[in-house]
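Since the structure comes first, as structure tokens, the remarks are kept for the end.
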Amino acid sequence: MTTPHGVELSSFPLGGNALVFGASGGIGHALVDQLRRSAAFVQVVTFSRNSEPAVDLQDEASLARAAKHASDVGDIRLVIDATGFLHDAIQQPEKTWREIEPIKLARSFALNSVGPALIMKHVLPRLPRRGKSVFATLSARVGSIGDNQIGGWYSYRASKAALNQFVRTAAIELRRQSSDSICVALHPGTVDTPLSAPFRKHGLDIQSPSTAAERLLKVINQLRPDDSGGFLDYKGETVLW
């Protein structure tokens with residue numbers, strides 16, 4: 001349900017804060033906007049390269065500082081990792097194994113799996129022991145091994161598959177800390193952002209960042225502890241590993 005004040009997030013205990021990593025990106029910015037319009041959280045704490053403190057996915061110390069800063073602000077009830085890397089001026093998705101290069105593979109893994117795993121390392125221990133809390137990271141359907149029908153995009157596919165495994169494994173450990181906490185990977189669909197712009201195909205359901213954010217938050221609101229460790233799309237449906 002969406003109200004004039006934003007997406008309803010009534011499943012969370014009142015009085016906590018929400019965190020968004022990658023807040024300067026297309027989806028991240030839209031998530032921040034939706035969360036700030038909601039009455040579910042006292043504060044929305046944003047992190048990006050330009051935030052204070054600033055974060056860099058390849059600098060673990062910066063992620064540790066961010067987690068401590070957020071914890072000092074108040075209870076952390078929702079963490080959304082909206083970071084992700086597909087391409088830029090010096091790196092494009094591989095169409096064939098002939099284009100695989102170790103440095104570019106390592107970069108994709110650093111940004112799409114290692115960085116988010118380090119966010120988990122420093123944030124998950126700070127989640128409350130009781131009451132619903134959620135860590136959600138944006139994965140991608142192309143990271144699904146079972147759903148891979150056309151190949152290509154080696155580094156992006158593999159790094160997102162690794163991210164899914166980090167989520168699954170962290171969820172098991174998180175359950176020992178708090179049976180109410182949830183750790184999930186979410187596929188946002190195709191969103192009208194610079195990340196997807198060069199690769200859109202006719203006929204795809206291309207969402208605005210605002211629509212994508214709204215759909216993701218509705219899924220997050222509906223999450224239950226049994227969903228922890230799962231890989232879900234923006235409709236709340238399970239994606240194949």
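One table, with the values for the structure above:
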| read-out | value |
| --- | --- |
| Search result, residues across region 61-91 that are more than 21 Å from residue 25 (Cα to Cα), buried (at least 18 other Cβ atoms within 10 Å of the Cβ) and of a type in the set (A, V, I, L, M) | 76 |
| Hey, residue 54 modelled with pLDDT under 95, within 24 Å of residue 29 (Cβ to Cβ) and either small (Gly, Ala, Ser) or surrounded by 17 or more Cβ atoms within 10 Å (Cβ to Cβ) (or both) or not | no |
| Long-range neighbours under 8 Å by Cβ, at least six apart or interchain, first residue modelled with pLDDT under 85 within region 190-219, second among the small types (Gly, Ala, Ser) and open to solvent by less than 50 Å² (accessible area, probe 1.4 Å) | 193/25; 193/26; 194/26; 195/25; 195/26; 195/84; 205/189 |
| So residue 39, is it in a loop (DSSP other than H, G, I, E, B) and among the hydrophobic types (A, V, I, L, M, F, W, C) | yes |
| Residues of region 122-144 that turn out to be surrounded by fewer than 21 Cβ atoms within 10 Å (Cβ to Cβ) and touching a helix residue (DSSP H, G or I) at 6+ places or on another chain (Cβ under 6 Å), as a count | 3 |
| Test: residue in region 92-104 that is open to solvent by less than 30 Å² (accessible area, probe 1.4 Å), part of a loop (DSSP other than H, G, I, E, B) and within 24 Å of residue 228 (Cα to Cα) | no |
| Near pairs, Cβ below 7 angstrom, 6+ apart or cross-chain, from region 15-27 (over 16 Å from residue 192 (Cα atoms) and of a type in the set (Phe, Trp, Tyr)) to any residue that is open to solvent by 10 Å² or more (accessible area, probe 1.4 Å) and not in a helix (DSSP H, G or I) | 21/55; 21/82; 21/83 |
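The values are calculated or read from the model by the stated rules, or taken from the named source; none is laboratory data. Keep in mind the model is a prediction, meaning the values are calculated, not measured. Here Cβ is always computed from backbone atoms with ideal geometry, including for glycine, and neighbour counts include all displayed protein chains. Just the protein is used for accessible areas: all its heavy atoms, side chains included, with ligands, DNA and RNA removed. Shrake-Rupley method; radii C 1.70, N 1.55, O 1.52, S 1.80 Å.
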